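The values are calculated or read from the model by the stated rules, or taken from the named source; none is laboratory data. This one's a predicted model, so the numbers in the text were calculated from it and none came from an experiment. Note that we place each Cβ from the backbone using ideal geometry, even for glycine, and neighbour counts take in every protein chain shown.
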Amino acid sequence: MKRRLFPLLACAGLFALSSLAQAEPVKILHVMSYRSDWQWNKDQLKGFLEGLAIPNAEVKVVELDAKHVDPAKMKAAAAQAVELMDSWKPDLVYTNDDAAQSEFSVKFINAKTPIVYSGVNKEPSDYGFDKSNNITGVLEREHFIGTLSLLREIKPSSKLRVALVLDDDPTWVGVAARIREDLARHSDIEVVEWLTPKTFDEYKARVTALQGKVDALGLLGIFRFTNANGKFVDYEEVQRWNVEHSKLPDFSFWDTRVERGTLCAMTVDGVEQGRLAGRMARRILVDKVAPSAIAPEPTAKGRPMISLARAKQLGIPVSANVLLASTVLPRYSWDH
């Protein structure tokens with residue numbers, strides 16, 4: 001797959017301080033873990049430019065495409081970003097999601113150029129960022145309890161017995177640890193099984209065997225199941241199979257999953273993630289605040305989303321009050 005690298009003109013913000021009127025534009029290198037055509041990345045970049053609010057900023061983007069390409073290609077893309085760091089000399093780097101941290105940001109701990117991240121699941125200390133004077137950003141903290149509360153509004157249940165699906169991406173280690181912390185405080189929720197299938201066929205068999213044995217299925221890591229040829233199966237194919245073959249109410253934490261047939265999610269808002277990161281970047285570039293003086297933090301705002309198509313297929317009537325309070329998707333993405 002040809003690696004895409006392209007400039008974007010950032011036109012966020014209604015005005016800028018007079019100090020920003022300079023001959024050379026502010027240069028931002030954006031290293032994204034995934035792809036620019038993925039809505040999660042679009043939302044983060046949109047929010048970042050809004051929060052940055054520097055009209056003359058020039059942004060160059062490097063995609064690592066970590067969910068789809070093999071590790072060698074991802075590392076080649078990261079090397080391209082490192083080359084840009086040296087040749088283009090950006091004023092600030094904006095990275096999002098965990099792959100960009102492990103493949104790029106860790107190479108520049110305590111470097112001169114400031115780095116601001118968003119969408120990061122691991123703890124800053126896992127990357128050594130807690131000892132860095134040039135790196136800060138926004139943590140991605142999934143709304144596990146909020147999502148299950150939404151599920152209970154859709155389908156009331158006094159005690160929830162759920163199964164969670166994880167692939168072998170290291171991202172899910174931190175997610176699982178936080179879920180276990182939440183479970184310790186909520187005795188009315190039980191994870192009956194943690195599914196970690198390696199292949200798509202194994203996933204199908206495990207989900208089929210779960211029918212009628214749990215109340216709901218959590219679709220978290222579904223990107224790295226291999227087919228008979230050893231290639232990763234696209235997550236939309238995984239979700240479409242789930243829609244067509246599973247009768248279990250399902251949930252996740254991201255809007256792209258609800259678009260592709262997952263029943264509900266209290267989503268992590270990508271725009272809010274990026275917007276907070278952009279504000280941090282503005283403080284660094286405009287207010288001259290040291291990155292080390294800006295503490296990493298998560299976004300608190302979640303957005304309830306419901307797939308009405310999935311609810312109808314499962315035979316679950318959703319109350320008008322719940323629908324009015326949520327973003328409702330009437331059809332599946334493949335029906336558009």
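Can you name every residue in region 36-67 that is surrounded by fewer than 19 Cβ atoms within 10 Å (Cβ to Cβ) and either in contact with a strand residue (DSSP E or B) (Cβ under 7 Å, 6 or more places away or on another chain) or in a helix (DSSP H, G or I) (or both)?
Listed by number, the residues that qualify are SER36, GLN39, LYS42, LYS46, GLU50, GLU58, LYS60.
Six or more apart or on different chains, Cβ atoms under 6 Å: show the pairs whose first residue is in region 219-239 and touching a residue at least 24 places away in the same chain (Cβ under 8 Å) and part of a loop (DSSP other than H, G, I, E, B) and whose second is hydroxyl-bearing (Ser, Thr, Tyr) and surrounded by fewer than 20 Cβ atoms within 10 Å (Cβ to Cβ).
As it stands, the answer is PHE225/THR199, since those pairs meet every condition given.
Every residue in region 273-326 that is touching a residue at least 24 places away in the same chain (Cβ under 8 Å), surrounded by fewer than 20 Cβ atoms within 10 Å (Cβ to Cβ), under 30 Å from GLY261 (Cβ atoms) and hydrophobic (A, V, I, L, M, F, W, C), please.
Result: ALA309, LEU314, ILE316, VAL318, VAL322.
Which members of region 277-292 meet the condition of being outside any helix (DSSP H, G or I) and either in contact with a His (Cβ under 9 Å, 6 or more places away or on another chain) or of a type outside the set (Asp, Glu) (or both)?
Result: VAL286, LYS288, VAL289, ALA290.
Which residue pairs have Cβ atoms closer than 6 Å, lie 6 or more positions apart in sequence or on different chains, and pair a first residue in region 196-212 that is assigned to a helix (DSSP H, G or I) with a second residue that is surrounded by fewer than 15 Cβ atoms within 10 Å (Cβ to Cβ)?
Sorted first by the residue in region 196-212, then by its partner, the pairs are PHE200/ASN227.
State yes or no: is ASP255 surrounded by fewer than 19 Cβ atoms within 10 Å (Cβ to Cβ) and at negative phi?
no
Could you go through region 128-139 and let me know if any residue there is at pLDDT below 95 and touching an Asp or Glu at 6+ places or on another chain (Cβ under 9 Å).
For region 128-139, residues at pLDDT below 95 and touching an Asp or Glu at 6+ places or on another chain (Cβ under 9 Å): absent.
If I ask for residues that are polar (S, T, N, Q) and assigned to a helix (DSSP H, G or I), which ones from region 118-133 would you list?
Correct list: SER125 only.
Search region 27-51 for residues that are closer than 15 Å to TYR117 by Cα and pair each with any residue that is surrounded by 18 or more Cβ atoms within 10 Å (Cβ to Cβ) and aromatic (Phe, Trp, Tyr) when their beta-carbon atoms are under 6 Å apart and the residues are at least 6 apart or on different chains.
Close Cβ pairs (under 6 Å, with a partner that is surrounded by 18 or more Cβ atoms within 10 Å (Cβ to Cβ) and aromatic (Phe, Trp, Tyr)) amount to ILE28/TYR94; HIS30/TYR94; VAL31/PHE104; ASN41/TYR34; PHE48/TYR94.
I need the full set of residues from region 107-136 which are in contact with a strand residue (DSSP E or B) (Cβ under 9 Å, 6 or more places away or on another chain), touching a residue at least 60 places away in the same chain (Cβ under 8 Å) and either on the phi > 0 side of the Ramachandran plot or surrounded by fewer than 21 Cβ atoms within 10 Å (Cβ to Cβ) (or both), in order please.
Those that are in contact with a strand residue (DSSP E or B) (Cβ under 9 Å, 6 or more places away or on another chain), touching a residue at least 60 places away in the same chain (Cβ under 8 Å) and either on the phi > 0 side of the Ramachandran plot or surrounded by fewer than 21 Cβ atoms within 10 Å (Cβ to Cβ) (or both): GLY119, PRO124, SER132.
Let's see how each residue does on (1) of a type outside the set (Gly, Ala, Ser); (2) surrounded by 14 or more Cβ atoms within 10 Å (Cβ to Cβ); (3) within 20 Å of PRO249 (Cα to Cα):
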position	(1), (2), (3)
ARG152	yes, yes, yes
ALA163	no, yes, yes
ALA177	no, no, no
GLU181	yes, no, no
ARG185	yes, no, no
ILE189	yes, yes, yes
THR199	yes, yes, no
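For region 137-160: of the residues being of a type in the set (A, V, I, L, M) and free of Cβ contacts under 8 Å to residues at least 60 places away in the same chain, which is farthest from GLU190 (Cα to Cα)?
ILE145
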